[in-house]
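The values are calculated or read from the model by the stated rules, or taken from the named source; none is laboratory data. No experiment lies behind these values; they were computed from the predicted model shown. Glycine gets a Cβ as well: all are built from the backbone with ideal geometry, and neighbour counts include every protein chain shown.
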Ligand SMILES: Cc1cc2nc3c(=O)[nH]c(=O)nc-3n(C[C@H](O)[C@H](O)[C@H](O)COP(=O)(O)O)c2cc1C
C-alpha cells in the first residue's frame, strides 16, 4: 500500500448509523488485529493510558440495566419508553467495545493527562481504521449515561480509570460519504516568527 492508498483508506472511513449496523462483527482473529492496532498508538512514557473492554452478547442485557439505572438517576420518573430506549443502547452493534482511559496523575508522572488522552484517541483511530480496512463499519458513541458514577462502577472501572467511548463494529450495506470535513489546505498554515 502506498501513501495515497493509505490516505484514501483513511478518508473513506465514515461513521455508520447504529440502526443500520448488521451482523457479523469482527471475529476473534480480526478483533485481535484491531486491538493490536490500538497497542501501536503513540504512548509518551509508555504509561499504557488506555485499555479495551469487550461487551459480549450475553452481557448486553446487564449493560442495558446500567443505561436504565443512569436514566433513573437523572430523571425523577422516567417513562417505560425512556427506560426501554436506554436499555436498547446496549444492543447496538454486533461487536461492542469500550475504550477505557487509565490515566496517571501528576503524583505519578510528569506527563500531563491531555497527552494520555491523545494517546487513547490515536488508539481509537487506529482501531476504527483497521476495522474499516477489514470491511467493517464503526460508530463511536458516548453519552451522558456512560458518564454516571453508577455506570463507572457497573463496568468495574477503577478510580484512575475513565469511560471514554463505546465502539460499535459491524456491517453496513451502503456507507454514506463523509460530510463537513476540513479541507487539507485550511488545516495547514505556516508559522511566521515576529
Ligand atoms: C470520543 C467520541 C465520542 C463520540 N460520541 C458520540 C455520540 O455519543 N453520539 C454521536 O452521534 N456521535 C458521537 N461521536 C462522533 C461520531 O462517532 C462521528 O465521529 C462523527 O459524527 C463524525 O462522523 P465521521 O466519523 O463519519 O467523520 C463521538 C466521537 C468521539 C471521538
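So which pairs qualify, if the first residue must be in the range 109-125 and closer than 18 Å to residue 36 by Cα, the second must be in a helix (DSSP H, G or I) and more than 15 Å from the ligand (Cβ to nearest atom), the Cβ gap must be under 7 Å, and the two must be at least 6 apart or on different chains? These pairs meet every condition: 119/44. Within the range 2-13, residues that are under 13 Å from residue 184 (Cβ atoms) have Cβ atoms under 7 Å from residues that are surrounded by 12 or more Cβ atoms within 10 Å (Cβ to Cβ) in these pairs: 10/129, counting only partners at least 6 apart in sequence or on another chain. Within the range 25-63, if we keep just the residues that are part of a loop (DSSP other than H, G, I, E, B) and without any contact (Cβ under 8 Å) to a residue 40 or more places away in the chain, the residue that is nearest to residue 97 (Cα to Cα) turns out to be 56. Regarding residue 123, is this residue within 16 Å of the ligand (Cβ to nearest atom) and not in a strand (DSSP E or B)? Judged against the criteria, residue 123 is a match. I need the full set of residues from the range 96-118 which are farther than 20 Å from residue 147 by Cβ and touching a helix residue (DSSP H, G or I) at 6+ places or on another chain (Cβ under 7 Å), in order please. Once the filter is applied, which keeps residues that are farther than 20 Å from residue 147 by Cβ and touching a helix residue (DSSP H, G or I) at 6+ places or on another chain (Cβ under 7 Å), the range 96-118 yields 104, 109, 111, 115. Considering every residue within the range 68-76, establish whether at least one is modelled with pLDDT under 95, closer than 19 Å to residue 171 by Cβ, in contact with a helix residue (DSSP H, G or I) (Cβ under 8 Å, 6 or more places away or on another chain) and outside any helix (DSSP H, G or I). Within the range 68-76, none of the residues are modelled with pLDDT under 95, closer than 19 Å to residue 171 by Cβ, in contact with a helix residue (DSSP H, G or I) (Cβ under 8 Å, 6 or more places away or on another chain) and outside any helix (DSSP H, G or I). Annotation: residue 59 fulfils all but one of (1) more than 12 Å from the chain's Cα centre (by Cα); (2) within 13 Å of the ligand (Cβ to nearest atom); the unmet one is (2).
Within the range 101-114, can one find any residue that is within 13 Å of the ligand (Cβ to nearest atom), outside any helix (DSSP H, G or I), in contact with a strand residue (DSSP E or B) (Cβ under 6 Å, 6 or more places away or on another chain) and within 18 Å of residue 30 (Cβ to Cβ)? No, the range 101-114 contains no residue that is within 13 Å of the ligand (Cβ to nearest atom), outside any helix (DSSP H, G or I), in contact with a strand residue (DSSP E or B) (Cβ under 6 Å, 6 or more places away or on another chain) and within 18 Å of residue 30 (Cβ to Cβ).
Quick check on my filter: what residues within the range 135-148 are over 30 Å from residue 173 (Cβ atoms) and either touching a residue at least 60 places away in the same chain (Cβ under 8 Å) or near the ligand (Cβ under 9 Å from one of its atoms) (or both)? Once the filter is applied, which keeps residues that are over 30 Å from residue 173 (Cβ atoms) and either touching a residue at least 60 places away in the same chain (Cβ under 8 Å) or near the ligand (Cβ under 9 Å from one of its atoms) (or both), the range 135-148 yields 144, 148.
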